[in-house]
1. Here are some residues: Ile283, Ile295. Which one is β-branched (Val, Ile, Thr), surrounded by fewer than 19 Cβ atoms within 10 Å (Cβ to Cβ) and modelled with pLDDT under 95?
2. Within segment 150-172, track down each residue that is out of contact with any helix residue (DSSP H, G or I) (no Cβ under 7 Å at 6 or more places or on another chain) and part of a helix (DSSP H, G or I).
3. Look through Ala90, Ala129 and report the one residue that is of a type in the set (A, V, I, L, M, F, W, C) and assigned to a helix (DSSP H, G or I).
4. If I ask for residues that are farther than 23 Å from Pro380 by Cβ and surrounded by fewer than 15 Cβ atoms within 10 Å (Cβ to Cβ), which ones from segment 220-252 would you list?
5. With the condition kept exactly as written, say whether any residue in segment 244-264 is within 21 Å of Phe88 (Cα to Cα), of a type in the set (Phe, Trp, Tyr) and more than 19 Å from the chain's Cα centre (by Cα).
6. Out of the residues in segment 140-171 meeting the condition of being farther than 15 Å from Ala45 by Cα and of a type in the set (Lys, Arg), tell me which one is surrounded by the most Cβ atoms within 10 Å (Cβ to Cβ).
7. Can you pull out the residues in segment 64-75 that are closer than 10 Å to Pro341 by Cα and either under 17 Å from the mean Cα position of the chain (by Cα) or buried (at least 21 other Cβ atoms within 10 Å of the Cβ) (or both)?
8. Anything in segment 96-119 that is more than 15 Å from the chain's Cα centre (by Cα) and modelled with pLDDT of 90 or more? List them, or say none.
Amino acid sequence: MLPLPGKRILLVADRDLSVHILSQPPSPSAYLPGRLKIQAMELLAPHALTTAHDHDWLQWRTFHEAVLCPGSPHPDQSIHLPTILAAFSAPCHSLDDIRQRLGVTMLAVVFGVRPGSTVLQELDLMALAEDVQQLADMVNQPLRRLLLGPFQKSRRERVYSVLDEAWKASTEDTPMGSLLSRAHAANSADSGRQELLEQLPHWIFTFHGSASKLFGRTLAILLSRPELLENVRQELRTVCGSDGPCSEDQIARLIYLEACVLETGRLYPPVQLTVHRRDTEEIHEGRRVPANTDILQLFLLLQRPQKPYVEASEFQPSLWLNRMGACPFSDLFLSGARSCPGKDLILFVIKTGLAKILMGDLPTVPHGAFLSARWPLSFPDRLIRFTATPSTF
């Protein structure tokens with residue numbers, strides 16, 4: 001327990017207890033979303049799946065699974081493949097550059113907006129994405145939210161005005177191959193419009209936020225470690241030949257590249273903590289969770305040894321290669337009831353973009369954070385830049 005006045009906060013440092021908490025559907029008889037999480041999400045989407053429980057959670061979990069199709073290749077990913085490849089056909093220069101390109105991809109995946117298309121052209125969807133990201137950043141930054149949150153009413157109203165217009169301008173059939181059209185098909189007749197629209201921002205800020213961090217961090221580590229890079233490029237040569245990725249089947253077979261993405265997420269998780277609460281006492285395998293307790297899980301504590309640095313030898317893609325075996329760590333997308341329903345789709349996007357970059361002229365990373373045997377404790381996102389250099393695949 002953390003010794004904070006007036007609060008009972010349990011810091012979870014045991015992986016088995018963490019998996020136990022995350023595996024259960026949110027319920028008053030089990031584990032509920034934490035008060036801090038609920039308060040933070042009031043700024044952006046108070047009815048989001050991450051803060052729901054019981055009937056509401058089941059309703060929106062079913063909705064998200066129908067749209068995102070977890071556990072199998074997404075039915076629309078072949079439609080998105082050309083857009084992703086085009087987005088990453090030019091050299092990347094920074095993590096912000098990657099974020100912008102994933103923003104272009106997001107427009108295609110979520111709204112069906114692709115280069116040359118005229119769907120939803122009357123809406124400024126890039127401005128919408130920026131507004132959503134600004135609010136999402138405040139959700140994750142308590143001090144900034146405290147100082148600036150009260151002034152975000154107009155931004156939030158603008159977000160839901162645009163989302164409402166996008167919803168009214170779309171149907172179950174158009175825009176083709178978009179999450180928006182699938183949302184029409186998955187929507188139940190008894191769901192309120194505002195509650196429905198509050199499910200959409202998470203799809204948007206995932207591309208600009210956690211996905212862009214995971215993409216850029218993986219790329220920076222691979223470019224800094226020749227032995228890892230050669231393994232990835234050998235897999236790309238074997239699977240894709242000299243023409244580069246051109247089918248969803250090829251992307252699915254890039255299992256070493258996927259393992260590198262998952263391992264990057266283990267050592268440098270883009271989402272670093274989650275908060276739950278327990279209203280009744282529980283004893284789990286000898287570990288007591290008191291009643292009326294806020295429960296804090298820091299993934300950095302759960303997923304790697306506790307030292308003031310990360311050793312290069314700790315980067316082990318092999319942990320994720322045996323899909324039938326039991327990995328001692330949970331991946332960053334979690335598992336069970338709290339697992340991310342968009343895992344398969346976002347991994348497809350990241351793997352496709354990385355494959356396109358790594359089969360072309362390789363950029364270099366002037367910053368030497370990952371050249372030594374000891375890596376930084378936290379990822380130096382703002383310091384990472386990429387410099388284009390000609391290379392032969």
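The values are calculated or read from the model by the stated rules, or taken from the named source; none is laboratory data. Keep in mind that what you see is a predicted model, and the values were worked out from it rather than measured. Counting neighbours? That spans all protein chains shown, and the Cβs are built from the backbone with ideal geometry, glycine included.
1. Numbers: Ile295 fails: surrounded by fewer than 19 Cβ atoms within 10 Å (Cβ to Cβ).
That would be Ile283, the only listed residue that is β-branched (Val, Ile, Thr), surrounded by fewer than 19 Cβ atoms within 10 Å (Cβ to Cβ) and modelled with pLDDT under 95.
2. Let us first name the residues in segment 150-172 that are out of contact with any helix residue (DSSP H, G or I) (no Cβ under 7 Å at 6 or more places or on another chain), namely 150-151, 153-154, 157, 161, 165, 168-169.
Once the filter is applied, which keeps residues that are out of contact with any helix residue (DSSP H, G or I) (no Cβ under 7 Å at 6 or more places or on another chain) and part of a helix (DSSP H, G or I), segment 150-172 yields Pro150, Phe151, Lys153, Ser154, Glu157, Ser161, Glu165, Lys168.
3. Ala129
4. Residues satisfying the conditions are Glu230, Gln234, Arg237, Thr238, Gly241, Ser242, Asp243, Cys246, Ser247, Asp249.
5. Yes, some residue in segment 244-264 is within 21 Å of Phe88 (Cα to Cα), of a type in the set (Phe, Trp, Tyr) and more than 19 Å from the chain's Cα centre (by Cα).
6. Arg144
7. His64, Glu65, Val67, Leu68, Cys69, Pro70, Gly71
8. Asp96, Asp97, Gln100, Arg101, Val104, Leu107, Ala108, Phe111, Gly112, Val113
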